[in-house]
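The values are calculated or read from the model by the stated rules, or taken from the named source; none is laboratory data. Treat the numbers as computed from the prediction; the structure is a model and nothing was measured. All Cβ positions, even for glycine, are placed from backbone atoms using ideal geometry, and neighbour counts span all protein chains on display. Protein only, heavy atoms only, side chains kept; ligands, DNA and RNA dropped before computing areas. Shrake-Rupley method; radii C 1.70, N 1.55, O 1.52, S 1.80 Å.
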Amino acid sequence: MTVDPLENPHPLIERVYSYVAYRVGDGVHAEDITSEVFERALRYRKRYDARRGSPISWLIGIARRAIADHFAGEPVHTGDVPEVTVPNVFEEEIASRLELRSAVRQLPARDRELIALRYGADLTATQIARILGLRTNTVEVSLHRALASLRRSLEGAERDLESRSPVHRVL
């Protein structure tokens, strides 16, 4: 009996979109790529082999190719995120997200991919290892190092912000 990998698509759509948004930013590009992933999945669903991995692992593999196809030939943007002033109660949350997005963009491509797979697609180290063809221990160590690098980057950005703050200069 053949297993249908798209039997319960709603949670899969959310996880694929989260992964894609981690990689390309949320919005129109993430929506387009996620749609492309599910179009391809529908087209090739009979080729799905449950012995080779879970439906989400299969879809993330498709998503990785769709992202590469979508941005093939486009220059990689790693510039600074523009300063944004939002006068409402969500200002700190938005600023934190922008800082995090900027810090993630500064990471090497492999670290960005690992973080997107772990936190965007909510995959385990074992699932990531299968997708990337690595050992689980290698993924765990690499994720640990990527997160440590991300923490250092965010702490450095926070120190820079404090040194520029007029309140900090008065103190």
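Computed from backbone phi, the HN-Hα couplings of the stretch 3-12 come to 8, 8, x, 10, 4, 10, x, 4, x, 5 Hz, rounded to whole numbers (Karplus: 6.51 cos²θ - 1.76 cosθ + 1.60, θ = phi - 60°; Gly and Pro given as x). Computed with a 1.4 Å probe on the full set of protein chains, the accessible area for Tyr44 sits at about 90 Å². Between Ala50 and Ile13, the FRET efficiency estimated from the beta carbon spacing at R0 = 30 angstrom works out to 0.95.
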